[in-house]
Amino acid sequence: MAIKRRKKPRETVKEAREVASAMWPYLARFIEYSNARGYAERTTALREAHLKRFIAWCAERGVDRVQDVTKPVLERYRRHLYHYRKDSGEPLSFATQQQRLLPLRAFFKWLARENYTLSNPASELELPRVHRKLPAHILSREDVEAVIAQTYLHGVLGTRDRAILETLYSTGIRRSELANLKLYDLDLKNGTLRVREGKGKKDRFVPLGLRAIGALKNYIEDVRAELVLGSDDGTVFVHEFGEPFEKGRLSDLVKRYLLAAGIDKPGSCHLFRHAMATQMLENGADIRFIQAILGHAQLTTTEIYTHVSIAKLKEIHALTHPAERPRVRGYEPDEATQETLLISLAADSDA
């Protein structure tokens, strides 16, 4: 008979609650403060979960009061996160470590401001450096067309699914933003879509392309009424059971179409967001317009697509690199490429 190994106990919020600590009342007030400030529900939930883990860790080491938490204690906790291993034996990524430390900085800053502590021990807490990774997999235009073409095989539901895919591709909105769309957010006449309380609880307007408008009209006018059961809350996309899509169900749907098109790449809905941004940049769109469409708070977040969008760089490299020039004699670049080259050269001369 095979001997079953005992699994390493997981960190859970329930376990954290069972630990006696004088820090719990402060945490409750901090979460109440976060809610009152209008932070997103997910942000508040993550803050609470990560702070509960920290409090449980402190209690195991005899640190029960917020006033007893010092900079060395926080540094020790940072090292604990670095050396911690998951059930799989893998370490926590630097992004996860940073995610667990950020709430500590906010928590102790609030404690010091409210005079619960004499000083802020986390004011100089250094966070792990997170290296921004390029998207590993980008859908080409041909990939996108192949995926959308699969919807024509599925009748009524295919009409709905085509509207979903065309909307994702045209607007680059996030999965959660698509799931929360209401009929009154769509202005098909003027070709715009309103994202209500996107990331950071910010509203924005996004342009809708003609193909997406056509797909949405077909779905709303011919199909949606057949899918809605009971009371209609105005959610644009509903699944076959008459209820609004949840994020996980949307991912599963898009993933099925990707696999049906022979595309086995990690991700689902977000692949269309990456594809839209990358392909628009390759076709000459200004990065600040891409930033506005995607709803990025900082331009540095959008700049990741300039590294992915390499087609134009390869073209310029072939035209200008001394080792490549003999191979392209007789080739005349188009106006867009010439303009891109001139702008690049001017920028280098100004630097």
Conditions (1) without any contact (Cβ under 8 Å) to a residue 40 or more places away in the chain; (2) surrounded by fewer than 17 Cβ atoms within 10 Å (Cβ to Cβ); number of the one not met by residue 124: (1)
Filter result for the condition that a residue is among the hydrophobic types (A, V, I, L, M, F, W, C) and buried (at least 18 other Cβ atoms within 10 Å of the Cβ), over 228, 206: 206
Enumeration of residues in the stretch 84-121 that are surrounded by fewer than 17 Cβ atoms within 10 Å (Cβ to Cβ) and among the β-branched types (Val, Ile, Thr): 96
The stretch 103-157, residues that are basic (Lys, Arg) and either in contact with a helix residue (DSSP H, G or I) (Cβ under 8 Å, 6 or more places away or on another chain) or assigned to a helix (DSSP H, G or I) (or both): 105, 109, 113, 129, 132, 141
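Could you list, in sequence order, all residues of the stretch 21-76 that are aromatic (Phe, Trp, Tyr) and under 17 Å from residue 101 (Cβ atoms)?
Answer for the stretch 21-76, where residues must be aromatic (Phe, Trp, Tyr) and under 17 Å from residue 101 (Cβ atoms): 30, 54, 57.
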In the stretch 170-188, the residues that are in a loop (DSSP other than H, G, I, E, B), touching a residue at least 60 places away in the same chain (Cβ under 8 Å) and over 19 Å from residue 211 (Cβ atoms): 174
Boolean, residue 172 is at positive phi and touching a Leu at 6+ places or on another chain (Cβ under 6 Å): yes
Residue count, the stretch 244-267 (criterion: free of Cβ contacts under 8 Å to residues at least 12 places away in the same chain, over 16 Å from residue 151 (Cα atoms) and not small (Gly, Ala, Ser)): 2
Whichever residue in the stretch 166-194 is aliphatic (A, V, I, L, M) and either within 15 Å of the chain's Cα centre (by Cα) or surrounded by fewer than 16 Cβ atoms within 10 Å (Cβ to Cβ) (or both) and, among such residues, is nearest to residue 294 (Cα to Cα): 173
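Read the figures in this text as sums done on the coordinates, not as results from a lab. Here the structure is a predicted model, which means the values were calculated and not measured. Quick reminder, even Gly has a Cβ in these numbers, built from the backbone with ideal geometry, and neighbours come from all protein chains shown.
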